[in-house]
Amino acid sequence: MSQHDSTPPTETDTTAAGEETATATDPATDASTTARADGAEATATASAEAPARETLQAEVRSLEAENTRLRTAYAAAQRSRYRRTAIALCLVGVVSGAVGLLVPAAQRVLFAIGATGLFAGVMTYYLSPTQFVAATIGDRLVEANVATLNAFVQTLGLSGAVVYVPTPDTPSRTAVVAFLPQATTYTIPPDLTPGIVPAEDPAGQGIATVPVGGLLLEEFRRALTGELAREPAALGDQLGEAITDQFELAATVETDVAITGETTPPAETAADTDDPADTEAMGTPSQPGQLEPDTVPAGRLTVVSTEPVFATATAYDHPIGSFVASGVAVALDRPVELQVDTTPGDTEYQATVSWEAATE
């Protein structure tokens, strides 16, 4: 017969049971406490980030407003310069006219000066430009073109030479094309057009682009009162003056011409003969600076500019070098090679355009 143990639990047993119950409930309590702490921390972080985000947005709006204000002030300052010039010209015209009324002996001259001043002032005031492109924007555009050409040179393994080829008979936006050959010893393919040049001869492979200088040359020739000079020294003077005065690409420009080949003797002119029939047959002699392109021997034209607007001196197709090379190629009607001197840095730009003697 079995007997049941009816002994009541001791204090030790009660304490142990309580500890087991507390141990069983502690993880749930800890998890709840941790969740509440994480939630409170996240709320505090969000509350702290909200003012910081609003502060940043306010700063961005402030910078945008300041940028707009500076652009407006810059444009206004540029326009005011033309306005002041116009007012000064009008004052000269008014003063000259008033003095002309007081001095009858010089009325004709003073009235002419007054009319010229008034006319120039009115034209300057109403025809002054209203849009200006900052130099930094032009720099970015040039850098983008340079990066593209550099990528082509590296990807296609081009030699790095840049040859400006006149293409008067090829449909193109300009009368000259920039050819970047793949081979160091290259040949220029016929009928060169912008794009990849897959010539059968490996020496003629490369790429051809529309040069920046070719587009500038078109604008220069539209504004040119005479003809484009064919004598290298006179041509260098024309192009250098356009760089500083017309396009304002540099503060100063110096050009130097060196003849490296044999000089072709000048053709006999009418002044050298006494025969009227010969004079009539030969016509009038050419004007200075208008030699025939075939008579110009091999040589080079070096251009040194200070304070160039675009400081990318090592650029392929830099506006200054490209313009000079395009002008020489078109004037002499032969390919020319452009070499850039990278030593002057950003304060100067120096390049040399070289050409060979004309081939028959």
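Got a number for residues in the stretch 160-173 being at pLDDT 90 or above and part of a loop (DSSP other than H, G, I, E, B)? Spell out the reasoning first.
Looking only at the stretch 160-173, we keep the residues that are at pLDDT 90 or above, and these are 161-166.
Going one step further and asking which of them are part of a loop (DSSP other than H, G, I, E, B), we end up with 161.
Total satisfying the criteria: 1.
Where residues in the stretch 142-167 are within 19 Å of Thr193 (Cβ to Cβ), touching a helix residue (DSSP H, G or I) at 6+ places or on another chain (Cβ under 8 Å) and among the aliphatic types (A, V, I, L, M), which of them is surrounded by the most Cβ atoms within 10 Å (Cβ to Cβ)?
Here the residue is Val162.
Within the stretch 174-206, how many residues are of a type outside the set (Val, Ile, Thr), under 23 Å from the mean Cα position of the chain (by Cα) and not in a strand (DSSP E or B)?
The qualifying residues number 2.
Can you work out which of the residues in the stretch 207-244 that are within 25 Å of the chain's Cα centre (by Cα) and among the small types (Gly, Ala, Ser) is farthest from Ser354 (Cα to Cα)?
At the first step, the residues of the stretch 207-244 found to be within 25 Å of the chain's Cα centre (by Cα) are 207-224, 228, 235-244.
With the extra rule that they be among the small types (Gly, Ala, Ser), the set shrinks to 208, 213-214, 223, 236, 240, 242.
Working: Ala208: 19, Gly213: 16, Gly214: 17, Ala223: 26, Gly236: 13, Gly240: 16, Ala242: 20 Å.
Filtering the stretch 207-244 for residues that are within 25 Å of the chain's Cα centre (by Cα) and among the small types (Gly, Ala, Ser), the one farthest from Ser354 (Cα to Cα) comes out as Ala223.
The values are calculated or read from the model by the stated rules, or taken from the named source; none is laboratory data. Just so it is clear, the model here is predicted, and its values are computed rather than measured. Note: ideal-geometry Cβ built from the backbone for every residue, glycine included; neighbour counts use all protein chains shown.
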